[in-house]
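Scroll down for the structure; my scribbles are underneath it.
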């Protein structure tokens, strides 16, 4: 993210474009693409079965991995075969996107409810296995409130790299700079041989709906809570700061609703010096590495969860601070009118 205007433009473009990723992911070679009745009623060609088989046992390495509970599992036999899965790669010392990805997936898991662990399985695989032992992964998992049906996995570095490559979650950049790995999910229906890559930091309701629709089909998808379009209100106060908070901060923070993964940010602009706050938002990893006393206390208080460096520009940072100021001011005005309001 380099500037505010591009951030907002990208958001509106994403909403306006057709869902070509899902359509592409569900198409198999040998099946008609047109919408005619003949095409719809035509049985799948044999090539479709061959396409499905390509993404099954012969494609994925059946390497051993260790769960956060210390159990040995086989990647294909135990984690993929016959299952519908959501997979990403992380590592616990990550100072970039991993904390945001993990917090976002925790939100998605809550939206999907009991289907996670029964119909859908989450797997987060560490790309730093030397450091990320089962005990370390278990502690990391607990920080983000991961529930049943979500495994954190480690293993042999070479085996994990093979898994990454076969899943499409590896790039040359990763090999030299783990913090540069893509914030992506692979969503897979192994029995059908259908796979789709998706951003791991999208809006949680969008992700939950996307996962449910792709894995269960639109007729059988879990009913993620929605409101009627008739109840839709006009969009008010849409600015860069509110957009940044919703897309980058809300997975870990609230404004006035108490602590979450990170602290409640109501009033933060009053209790922290603006220059310090701007620097911490922009480069939290550097501030913590310098053993800044405030950053050190926050790191310890919130169970060692690292605030990610999201690569925000100065304009983004200032827009976010202005939004936090405005939300705090609005809360204080509400309190003056009604002391019962926090």
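The values are calculated or read from the model by the stated rules, or taken from the named source; none is laboratory data. As the structure is a prediction and not an experimental result, all values here were calculated from the model. As a convention, Cβ positions derive from the backbone with ideal geometry for all residues, glycine included, and neighbour counts pool all protein chains shown.
Here the stretch 178-191 is the region considered, the condition is being assigned to a loop (DSSP other than H, G, I, E, B) and surrounded by 17 or more Cβ atoms within 10 Å (Cβ to Cβ), and the residue that is modelled with the highest pLDDT is 190. Which numbered condition trips up residue 92, out of (1) in a helix (DSSP H, G or I); (2) free of Cβ contacts under 8 Å to residues at least 60 places away in the same chain; (3) within 23 Å of residue 128 (Cα to Cα)? With respect to (1) in a helix (DSSP H, G or I); (2) free of Cβ contacts under 8 Å to residues at least 60 places away in the same chain; (3) within 23 Å of residue 128 (Cα to Cα), residue 92 is out only on (1).
Out of 44, 50, I need the residue that is exposed (fewer than 14 other Cβ atoms within 10 Å of the Cβ), at pLDDT below 95, part of a loop (DSSP other than H, G, I, E, B) and more than 26 Å from the chain's Cα centre (by Cα). Which one? Unique residue meeting the criteria: 44. Listed by position, the helices (runs of 4 or more DSSP H) inside the stretch 236-335 whose residues that are without any contact (Cβ under 8 Å) to a residue 60 or more places away in the chain and not assigned by TED's automatic domain parsing to the domain that holds residue 97 number at least 3 are 268-271, 274-282, 284-289, 293-301. Among the numbered conditions (1) modelled with pLDDT of 95 or more; (2) within 14 Å of the chain's Cα centre (by Cα); (3) assigned to a helix (DSSP H, G or I), the only one that residue 87 does not meet is (3). Checking the structure you have, find out if any residue of the stretch 285-292 is closer than 27 Å to residue 200 by Cα and exposed (fewer than 15 other Cβ atoms within 10 Å of the Cβ). Within the stretch 285-292 (the criterion being closer than 27 Å to residue 200 by Cα and exposed (fewer than 15 other Cβ atoms within 10 Å of the Cβ)), the answer is yes, since at least one residue qualifies. Among the helices (runs of 4 or more DSSP H) confined to the stretch 95-177, the ones with at least 3 residues that are surrounded by 16 or more Cβ atoms within 10 Å (Cβ to Cβ) and touching a strand residue (DSSP E or B) at 6+ places or on another chain (Cβ under 7 Å) are located at 98-112, 134-143, 157-167. Out of 240, 278, 295, report the one residue that is surrounded by 14 or more Cβ atoms within 10 Å (Cβ to Cβ) and under 25 Å from residue 334 (Cβ atoms). Answer to the selection: 240. In the set (1) surrounded by fewer than 17 Cβ atoms within 10 Å (Cβ to Cβ); (2) at pLDDT below 75; (3) within 26 Å of residue 250 (Cβ to Cβ), residue 205 fails one condition alone, (2). Filtering the stretch 298-318 to residues that are under 16 Å from residue 144 (Cβ atoms) and either touching a strand residue (DSSP E or B) at 6+ places or on another chain (Cβ under 6 Å) or loosely packed, with under 12 Cβ neighbours inside 10 Å (or both) leaves only 304.
Inspect the stretch 254-269 for any residue being within 24 Å of residue 312 (Cα to Cα) and at pLDDT below 75 and give the result as yes or no.
The answer is no; no qualifying residue exists.
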